[in-house]
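The values are calculated or read from the model by the stated rules, or taken from the named source; none is laboratory data. Predicted model, so just to flag it, every value in this text is computed and none were measured. With ideal geometry, Cβ positions are generated from the backbone for all residues, glycine too; neighbour counts draw on all protein chains shown.
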Amino acid sequence: SNPENTVGVLTMAGKGVRVLATPTSDLGKILACMHGLEIGGEMNLAAGIQVAQLALKHRQNKKQQQRIIVFSGSPIKHEKKMLEMIGRKLKKNSVALDIVNFGEEDEGKTEKLEALLAA
């Protein structure tokens, strides 16, 4: 593990977006917060990405590349147009985005996620 690599963890479902671990290189802290996670609730993708971007803005090492990895296992309630707008904002701020889509097979969901990535 490289000390320059930092990872933060947040949830986008349940009672809203919650930051479980701010960007850290401490693997124990990351594993501890992942251990207590519960699955459930409706995902708010837009708010989750915005909070993640805010956390990246306040990172300690400003020379680090910014990357958000989304694990999406719920239907997406947002309009395609809104997700495209978020994608353009991420691109403008030089934030890389990776998406892992799993769970419910919904053609609209895949289309929306691809629009977010393509923006």
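In region 64-77, the residues that are touching a residue at least 12 places away in the same chain (Cβ under 8 Å) reach residues that are basic (Lys, Arg) and surrounded by 12 or more Cβ atoms within 10 Å (Cβ to Cβ) with C-beta atoms within less than 9 angstrom, at least six apart or across chains, in these pairs: Gln66/Arg59; Ser72/Lys109; Ser74/Lys109; Pro75/Lys109; Ile76/Lys109; Ile76/Lys112. One residue stands out among those in region 44-66 that are within 14 Å of Ile99 (Cα to Cα) and out of contact with any helix residue (DSSP H, G or I) (no Cβ under 8 Å at 6 or more places or on another chain): the one that is surrounded by the most Cβ atoms within 10 Å (Cβ to Cβ), which is Ala52. Take region 16-31 and flag every residue that is more than 16 Å from the chain's Cα centre (by Cα) and loosely packed, with under 13 Cβ neighbours inside 10 Å. Passing the criteria: Asp26, Leu27, Gly28, Leu31. For Gly40, are the conditions met, namely being at pLDDT below 95, part of a helix (DSSP H, G or I) and exposed (fewer than 12 other Cβ atoms within 10 Å of the Cβ)? When the stated conditions are applied, Gly40 does not pass them.
Selection of region 1-26 for residues being modelled with pLDDT of 90 or more and either among the hydrophobic types (A, V, I, L, M, F, W, C) or touching a helix residue (DSSP H, G or I) at 6+ places or on another chain (Cβ under 6 Å) (or both) yields Val7, Gly8, Val9, Leu10, Met12, Val17, Val19, Leu20, Ala21.
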